[in-house]
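Structure, as structure tokens:
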Amino acid sequence: MTDALLRDCPYCRRVDAVADPRDPEIVVCPDCGFYRLRERLAPAAQRRFLQDYNDGIKLEEIPSPSTWTARCRGEIAQLRRSCPGVFPGGRVLDVGSGTGYFLSALREAGARPSGIEPAARLVGMVRAAGLDARQGFFEPGNMGGLDQERFDLVAARECVYYFADLKAFFATLRGILRPTGYFYLRSHQPKSCFYWGRPRGRLERYGRYVQGMATPAAMKGMLEREGFEVVAFDYFPHRVLYFCGVDSPVVKPVDVVLSWALRPILKRLAALNWFWMVARPAPGEKRGPAA
Ligand SMILES: [Zn+2]
């Protein structure tokens with residue numbers, strides 16, 4: 001039955017695992033280092049869980065996609081440095097485009113972005129704002145036609161941990177990425193307080209309905225096994241006011257100064273929770289798309 005809980009690793013399918021001393025419900029794959037719940041949701045059950053979550057989103061409380069564009073400028077600047085040739089004009093896919101703010105930032109930077117997003121209501125909102133998002137899943141035949149295209153950059157921000165089959169994820173990625181293209185990953189990681197902190201919903205937002213969490217080392221290992229090389233890796237640039245939870249879509253000079261002055265401390269704090277990396281098909285790899 002498709003609803004049976006799964007006990008294997010979403011990447012290497014190995015079943016045996018080492019319990020994490022902090023919580024015996026969480027185990028680590030001895031092969032690829034991926035963290036997961038001892039019993040993870042099967043894809044059908046996970047999709048229902050996500051559907052219910054998405055149905056509960058109050059659209060009227062979500063700001064328009066352009067509201068947060070300014071927040072992404074540091075991230076976009078980093079991508080410009082790490083992915084030469086993509087800006088301007090490059091075709092970009094945002095996997096799990098959500099409320100569309102990264103699509104908006106990509107468009108502002110001169111790229112040609114499209115998003116793929118399971119939540120139909122969010123897709124409708126994003127399209128109403130004049131951006132291109134398609135309802136579907138990141139899998140061939142279910143991407144609203146985007147799987148017929150080839151992309152210069154595929155961004156997966158805070159979503160890789162939803163994928164029940166990471167081999168399939170990487171196969172889809174290789175299929176739509178140009179041989180000269182880049183893959184940008186941004187993710188929480190297993191030591192994140194958001195993952196462990198029950199009040200913040202380990203069993204919800206980052207717990208029960210995710211399939212697991214990769215450490216930076218585990219993700220780098222998976223990418224290399226899948227024929228990619230990591231060309232940039234860091235903990236992402238932070239703005240102090242944002243980090244402190246001040247809702248400030250407009251970048252203020254004081255924020256820039258504080259961020260620069262406190263960057264070593266902020267990076268340490270950020271490293272507890274998040275990481276990002278940019279990878280590209282390794283030279284000599286023959287796994288690029290046929291078309
Ligand atoms: Zn594994």
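The values are calculated or read from the model by the stated rules, or taken from the named source; none is laboratory data. None of the values given here were measured: they were computed from a predicted structure. Don't worry about glycine lacking a Cβ; one is built from the backbone with ideal geometry, like all the others, and counts go over all protein chains shown.
Please specify each residue of segment 165-185 satisfying the condition of being under 14 Å from the mean Cα position of the chain (by Cα) and closer than 16 Å to Gly136 by Cβ. Phe169, Leu173, listed by residue number. With a requirement of 2 or more residues that are without any contact (Cβ under 8 Å) to a residue 40 or more places away in the chain and surrounded by fewer than 21 Cβ atoms within 10 Å (Cβ to Cβ), the strands (runs of 3 or more DSSP E) lying completely within segment 79-142 that satisfy it span 133-135. Could you tell me which residue of segment 42-59 is nearest to the ligand (Cβ to nearest atom), considering only residues that are surrounded by fewer than 13 Cβ atoms within 10 Å (Cβ to Cβ) and touching a residue at least 24 places away in the same chain (Cβ under 8 Å)? My answer is Asp55. For segment 5-16, filtering for residues that are closer than 11 Å to Arg40 by Cβ and either surrounded by fewer than 16 Cβ atoms within 10 Å (Cβ to Cβ) or more than 8 Å from the ligand (Cβ to nearest atom) (or both) leaves 4. Might you let me know whether segment 61-78 holds any residue that is touching a strand residue (DSSP E or B) at 6+ places or on another chain (Cβ under 6 Å), more than 16 Å from the ligand (Cβ to nearest atom), within 24 Å of Phe137 (Cβ to Cβ) and touching a residue at least 40 places away in the same chain (Cβ under 8 Å)? The answer is no, given that none of the residues of segment 61-78 is touching a strand residue (DSSP E or B) at 6+ places or on another chain (Cβ under 6 Å), more than 16 Å from the ligand (Cβ to nearest atom), within 24 Å of Phe137 (Cβ to Cβ) and touching a residue at least 40 places away in the same chain (Cβ under 8 Å). Please determine, by comparing only the residues of segment 143-161 that are touching a residue at least 40 places away in the same chain (Cβ under 8 Å) and part of a helix (DSSP H, G or I), which one is surrounded by the most Cβ atoms within 10 Å (Cβ to Cβ). The qualifying residue surrounded by the most Cβ atoms within 10 Å (Cβ to Cβ) is Val160. Out of everything in segment 25-41 that is within 14 Å of Gly221 (Cα to Cα) and within 9 Å of the ligand (Cβ to nearest atom), what residue ends up being surrounded by the fewest Cβ atoms within 10 Å (Cβ to Cβ)? That would be Pro30. Suppose the filter is among the β-branched types (Val, Ile, Thr), modelled with pLDDT under 70, loosely packed, with under 15 Cβ neighbours inside 10 Å and farther than 25 Å from Asp31 by Cα; does Val240 pass it? In short, no. Residue under question is Arg22, and the condition is that it be within 16 Å of the ligand (Cβ to nearest atom), at pLDDT below 90 and over 21 Å from Ala171 (Cβ atoms); does it hold? It is false that Arg22 is within 16 Å of the ligand (Cβ to nearest atom), at pLDDT below 90 and over 21 Å from Ala171 (Cβ atoms).
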